[in-house]
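> Got a structure here, written out as structure tokens. Questions coming.
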Amino acid sequence: MTQKLLIDADPGIGDALAILIALADPALDVLALTACGGTVSGPQATRNLHYLTDLMDPLRHPRIGQAAYSEGPLAELPAGLPHPQALHGRFGLGDVEPLVPDLHNRRESARLIVDVVREHPGEVRILTFGPLTNVAMAFELDPELPVLLNGLICLGGSLHAVGDVTATAEFNFWSDPQAAGTVIRSPVGKILVPLEVGHSAGLTFEDIERLSGLIPSTPVGELATGLLQYSARACRQLMPFEEVTLPAAAALAIASRVASFDTAHVAADVETSGDLTRGTLVLDRRRFQHRQTNLEIVATVEADATVDYFCRGLRRAATRHG
């Protein structure tokens with residue numbers, strides 16, 4: 001039986017590649033793609049999702065939700081960090097400018113989340129690659145939604161409170177800490193894929209060159225190859241490590257159960273107001289804690305299986321016809 005999936009994303013090169021893989025995976029039934037602001041603005045995220053689905057032309061087109069807000073939190077990034085445009089391109093998709101017509105029958109992302117889950121109670125798993133704004137808004141629109149889900153898998157937070165935006169906060173949680181806190185405290189069964197785990201699987205620049213030569217030269221294949229090579233160039237110039245990490249692919253591999261992973265059940269919350277600690281995932285590690293656990297956090301994921309799924313998935317996406 002295929003897994004019914006709703007993917008909420010702010011694509012971004014890594015998210016875009018993971019979405020191509022998900023749309024081509026016969027074990028997944030991607031019912032909807034919902035846009036959120038983060039790496040790119042909300043409207044750009046909507047256009048990017050529209051562009052990716054049009055290019056893939058899957059047999060069953062997912063419904064697309066548009067972000068209900070105009071901009072992401074990019075202007076607030078601390079000084080000294082690489083701007084997302086430098087890492088992902090002006091529009092989030094490397095050198096590509098995704099020219100797409102405006103969506104017909106527009107549906108805001110949070111409302112679409114509610115509608116899709118209500119149409120398939122107990123069957124839909126939500127996978128989030130970006131800030132948790134839309135999920136929190138959906139829970140506010142429909143307080144019964146958490147118990148109607150078949151789980152929630154979120155890419156975000158940090159296992160050891162070592163961040164990538166501030167000293168202690170990861171980008172997705174830092175971008176909208178109130179939403180992250182709302183979702184973490186909600187009664188839905190949730191698995192969190194933290195920063196350290198998301199970055200444990202990656203491709204070296206040499207790996208990317210080899211993979212690029214194996215991806216067929218179709219429209220989807222050329223997009224995938226271009227995104228990989230753009231990401232390699234950006235990382236070579238701007239980042240202190242010699243590989244392209246695959247956090248969205250790791251979260252997708254966990255959602256589709258193609259990679260083994262270990263988890264721990266923890267009591268967690270999110271700091272929303274600290275000047276130095278805004279967006280920090282706080283895990284209660286006290287020996288004699290009195291709080292009930294509310295989160296399953298991934299401690300390790302099988303990196304080799306994740307990379308293999310990523311490589312095979314891109315090749316499958318490039319050869320699949322709708």
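The values are calculated or read from the model by the stated rules, or taken from the named source; none is laboratory data. For clarity, every value in this text was computed on a predicted model and none was experimentally measured. A quick note on method: Cβ atoms are made from the backbone with ideal geometry, for glycine too, and the neighbour counts reach across all protein chains shown. Areas reflect the complete protein model, heavy atoms only, side chains present, ligands, DNA and RNA absent. Shrake-Rupley method; radii C 1.70, N 1.55, O 1.52, S 1.80 Å.
> Run through the DSSP bridge list for the chain and note the antiparallel percent, rounded to the nearest 5.
That works out to approximately 30 percent antiparallel.
> Roughly speaking, what is the stretch gain from GLU222 to ARG210, that is 0.36 nm per residue apart minus the C-alpha to C-alpha distance, in nm to one decimal?
Net length gain for the segment: 2.9 nm.
> If you count only protein heavy atoms and use a 1.4 Å probe, how large is the accessible surface of SER41, to the nearest 10 Å²?
Roughly 20 Å² of SER41 is accessible to a 1.4 Å probe.
> Sort 241-248, 176-183 by the packing proxy (mean of other Cβ within 10 Å over each peptide's residues), most packed first.
So the order, starting with the most tightly packed, is 176-183, 241-248.
> From Cα coordinates alone, what are the radius of gyration and Dmax values for the range 123-259 in angstrom?
Rg then Dmax for the range 123-259, in Å: 17.0, 49.
> Next question, about the same structure. What is the extension gain from ARG60 to LEU77, computed as 0.36 nm multiplied by their sequence separation minus the C-alpha to C-alpha distance, in nm to one decimal?
Working it through step by step, the gained length comes to 2.4 nm.
> Report, in deg cm²/dmol and to the nearest 500, the calculated mean residue ellipticity at 222 nm for the chain, where each DSSP H run with n ≥ 4 adds -39500 (n - 2.57) and the sum is divided by the residue count.
Result for the chain: -12000 deg cm²/dmol, rounded to the nearest 500.
> Also, I was wondering about something else. Once each part is reduced to its C-alpha centroid, what is the distance from the range 81-127 to the range 27-60 in angstrom?
First find each Cα centre; the distance between them is then 4 Å.
> Take the Cα coordinates of the chain, assign each an equal point scatterer, and use the Debye formula without solvent to give log10 I(q)/I(0) at q = 0.12, 0.16 Å⁻¹.
Debye output, listed in q order: -0.75, -1.45.
> Considering only ALA248, MET137, LEU17, whose Cα is most displaced toward the positive end of the charge dipole of the chain, charges sitting on Cβ of Lys, Arg (+1) and Asp, Glu (-1)?
MET137
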